[in-house]
Amino acid sequence: MSKHPIELPDAVLNASFLALLLSLAGWTLVEAWLLAVHAGLRAHLLASAAGLGFAYFSAKRLAPIGQHPFAGRQRISRADLWCALWLLTIGGLLGIVAMRAASLLLLTLLCALYVLPWSRMALCRRLPLPAGVWTWAGMALATFGLDTRDPMFLPLAGWICWACASVTLLNRTLRLRRAGHLSCGTTLGFTNHG
């Protein structure tokens with residue numbers, strides 16, 4: 001590990017944070033559907049494996065390279081608390097839209113998430129994993145607190161979120177490769193030793 005961390009471009013940090021949000025959102029929606037249809041334990045385990053896999057690959061490059069995300073004690077400021085409340089609201093709004101089965105509004109909201117400057121928010125830059133959990137908590141509260149109009153919309157919305165997370169992860173990998181932070185044999189943490 002180097003003493004001087006490599007600063008990642010804002011576009012890479014934005015893509016990483018958004019991929020984490022979308023992977024957690026997809027997982028939440030699929031789990032809500034599985035609970036609504038009274039699915040068995042095996043289905044919940046498969047959905048959890050997919051959701052945690054997406055979340056792992058999304059969170060892998062959130063911290064600047066060379067720094068531990070929780071190095072040193074971090075103070076939470078009043079601006080961080082407002083940012084956390086705003087993230088909780090965004091997650092709640094995403095959950096409400098998904099539970100009301102409004103596909104056009106869901107796609108509009110997902111497109112709006114792509115243009116938000118996540119890396120400009122101090123909380124998202126300094127503590128990205130807790131910031132992602134705040135957004136996920138807002139979505140989980142809305143998803144599990146409301147009755148759905150159409151239970152079959154939930155897996156569709158979950159797969160839409162996972163597809164958007166996949167495209168975002170691929171975009172992030174291409175940006176890292178162009179910036180010279182990844183060699184040609186490295187993709188999403190796997191190295192080609194051949």
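Take the conditions at pLDDT 85 or above, within 12 Å of the chain's Cα centre (by Cα) and closer than 20 Å to Arg172 by Cβ and apply them to Leu110. Does it pass?
Working: at pLDDT 85 or above: yes; within 12 Å of the chain's Cα centre (by Cα): yes; closer than 20 Å to Arg172 by Cβ: yes.
So Leu110 fits the description; yes.
Taking the stretch 75-120 only, how many residues are part of a loop (DSSP other than H, G, I, E, B), basic (Lys, Arg) and touching a residue at least 24 places away in the same chain (Cβ under 8 Å)? Break it down stepwise before answering.
First, pick out the residues of the stretch 75-120 that are part of a loop (DSSP other than H, G, I, E, B): 75-77, 100-102, 116-117.
Now narrow it down to the ones that are basic (Lys, Arg): 75, 100.
Still in the list and also touching a residue at least 24 places away in the same chain (Cβ under 8 Å): 100.
Looking only at that region, the number is 1.
What number of residues in the stretch 154-187 are exposed (fewer than 15 other Cβ atoms within 10 Å of the Cβ) and either at pLDDT 70 or above or under 18 Å from the mean Cα position of the chain (by Cα) (or both)? Steps first, please.
As a first pass, look at the stretch 154-187 and keep what is exposed (fewer than 15 other Cβ atoms within 10 Å of the Cβ): 159, 163, 167, 170, 174, 177-180, 183-186.
Those left that are additionally either at pLDDT 70 or above or under 18 Å from the mean Cα position of the chain (by Cα) (or both): 159, 163, 167, 170, 174, 177-180.
Total meeting the criteria: 9.
Which of the numbered conditions does Gly51 fail, given that it passes all the others? Conditions: (1) modelled with pLDDT of 90 or more; (2) of a type outside the set (Lys, Arg); (3) open to solvent by less than 40 Å² (accessible area, probe 1.4 Å).
(1)
Working only within the stretch 122-148, note down all residues that are part of a loop (DSSP other than H, G, I, E, B) and either aromatic (Phe, Trp, Tyr) or open to solvent by less than 30 Å² (accessible area, probe 1.4 Å) (or both).
Of everything in the stretch 122-148, just one residue is part of a loop (DSSP other than H, G, I, E, B) and either aromatic (Phe, Trp, Tyr) or open to solvent by less than 30 Å² (accessible area, probe 1.4 Å) (or both), namely Leu127.
Given the criteria farther than 16 Å from Thr89 by Cα, touching a residue at least 24 places away in the same chain (Cβ under 8 Å), open to solvent by 10 Å² or more (accessible area, probe 1.4 Å) and assigned to a helix (DSSP H, G or I), does Pro151 qualify? Before the answer, list the steps.
Numbers: farther than 16 Å from Thr89 by Cα: yes; touching a residue at least 24 places away in the same chain (Cβ under 8 Å): yes; open to solvent by 10 Å² or more (accessible area, probe 1.4 Å): yes; assigned to a helix (DSSP H, G or I): no.
So Pro151 fails the test.
The values are calculated or read from the model by the stated rules, or taken from the named source; none is laboratory data. If you're wondering where the values come from, they're calculated on a predicted model, not measured in any experiment. Heads up, the Cβs are rebuilt from the backbone with ideal geometry, glycines too, and the neighbour counts pull from every protein chain shown. Just the protein is used for accessible areas: all its heavy atoms, side chains included, with ligands, DNA and RNA removed. Shrake-Rupley method; radii C 1.70, N 1.55, O 1.52, S 1.80 Å.
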